[in-house]
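Input: a single structure, listed below in structure tokens.
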Amino acid sequence: MNILIITAHPTSRNLTTEIAKIYKNEKESRGDSVEVVDLYHDREQPFYTFEDAHNTTLTDDQKYYQQKIKKADEIVFVYPFWWGGTPAILKNWIDWNLTIGFAAHYVNGRPKGLLQGKSVKVFSTCGAPKFYYIFTGVHFAVKKIWKQTIVEFCGMKFDGYYLFGGVDTLGEKVDKIFEKIKEIAKN
């Protein structure tokens, strides 16, 4: 299986990178091919703009990333949960690369996903305890956004949204998170 891991964290030493490494190592130990793309250190795409959404030209960076998406059987997103969502660089990557005509198109006014046969997992970390996000409904809302408006919209299979809460700079709970990542990678 070909796996593409997309990470989005601006610092070089962070939990996002470690989660990606552990998932990668577990999958490679099972014979899978894994590529990690760190959005802060790979090709930089400026903020997405257009004048006519129906008349855009693919950039070299879009071709580069869309080729990686095409090759992948599984796509894994790993990022810190900030201000109610993904870091801007990840949202921008989605805007640039999961385009109409590549990831989906419309048939009789309804979207039809074009990336069938691919699955998606999402790993996110946050400082507040996970129960806070469950209690406030944020966890369910974010999971639903990923599942319905990104993954399934593009025709892919949603394999889960995993929120790891209560993460702090002292690294408490990190070992439990790493064990959970290994367990998820086995499935």
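List every residue pair whose Cβ atoms lie under 9 Å apart, where the two residues are 6 or more positions apart in sequence or sit on different chains, the first residue falls within region 102-127 and is closer than 27 Å to Thr57 by Cα, and the second residue, located anywhere, is aromatic (Phe, Trp, Tyr) and part of a loop (DSSP other than H, G, I, E, B).
Short answer, once both residue conditions are applied: Leu114/Phe102; Leu115/Phe102.
Just to be sure before I move on: is Ile94 out of contact with any His (no Cβ under 7 Å at 6 or more places or on another chain), at pLDDT 95 or above, on the phi < 0 side of the Ramachandran plot and surrounded by 13 or more Cβ atoms within 10 Å (Cβ to Cβ) in the structure I sent?
Yes: the conditions hold for Ile94.
Checking the conditions here, which among Lys63, Lys71 is farther than 17 Å from Ile181 by Cα, free of Cβ contacts under 8 Å to residues at least 12 places away in the same chain, of a type in the set (Lys, Arg) and surrounded by fewer than 15 Cβ atoms within 10 Å (Cβ to Cβ)?
Lys63
Enumerate the pairs (first residue in region 5-21 and within 16 Å of Ile184 (Cα to Cα); second residue anywhere and in a helix (DSSP H, G or I) and modelled with pLDDT under 90) with beta-carbon separation below 8 Å, excluding pairs fewer than 6 apart on the same chain, so at least 6 apart or on different chains.
Glu18/Val174
Is it the case that Lys182 is more than 18 Å from the chain's Cα centre (by Cα), surrounded by fewer than 18 Cβ atoms within 10 Å (Cβ to Cβ) and among the basic types (Lys, Arg)?
Considered against the rule, which asks whether it is more than 18 Å from the chain's Cα centre (by Cα), surrounded by fewer than 18 Cβ atoms within 10 Å (Cβ to Cβ) and among the basic types (Lys, Arg), Lys182 comes out as no.
What do you reckon, is Ile5 within 26 Å of Lys173 (Cα to Cα) and in contact with a Lys or Arg (Cβ under 8 Å, 6 or more places away or on another chain)?
Yes; evaluated as a whole, the condition is true for this residue.
Select from region 81-100 the residues that are touching a helix residue (DSSP H, G or I) at 6+ places or on another chain (Cβ under 9 Å) and part of a loop (DSSP other than H, G, I, E, B) and write down the one among them that is nearest to Leu39 (Cα to Cα).
Going through the qualifying residues, I end up with Thr86.
Residue by residue through region 106-122, note down the ones that are exposed (fewer than 13 other Cβ atoms within 10 Å of the Cβ) and either within 12 Å of the chain's Cα centre (by Cα) or in a strand (DSSP E or B) (or both).
The answer is Tyr106, Val107, Arg110.
Does region 14-27 contain any residue that is over 12 Å from the mean Cα position of the chain (by Cα), part of a helix (DSSP H, G or I) and of a type in the set (Asp, Glu)?
Looking through region 14-27, at least one residue is over 12 Å from the mean Cα position of the chain (by Cα), part of a helix (DSSP H, G or I) and of a type in the set (Asp, Glu).
Among Lys70, Lys91, Lys130, Lys63, which is the only one that is under 12 Å from the mean Cα position of the chain (by Cα) and charged (D, E, K, R)?
Checking each option against the conditions leaves just Lys91.
Kindly indicate whether any position in region 142-158 is part of a strand (DSSP E or B), closer than 20 Å to Glu18 by Cβ and within 15 Å of the chain's Cα centre (by Cα).
So far as region 142-158 goes, no, none of its residues is part of a strand (DSSP E or B), closer than 20 Å to Glu18 by Cβ and within 15 Å of the chain's Cα centre (by Cα).
Considering (1) more than 24 Å from Asn187 (Cβ to Cβ); (2) touching a strand residue (DSSP E or B) at 6+ places or on another chain (Cβ under 6 Å), say which one Gly85 fails and leave the rest.
That leaves (2) as the condition not met.
The values are calculated or read from the model by the stated rules, or taken from the named source; none is laboratory data. Keep in mind that what you see is a predicted model, and the values were worked out from it rather than measured. Because the Cβ atoms are built from the backbone with ideal geometry, glycine has one as well, and the counts that use them run over all protein chains shown.
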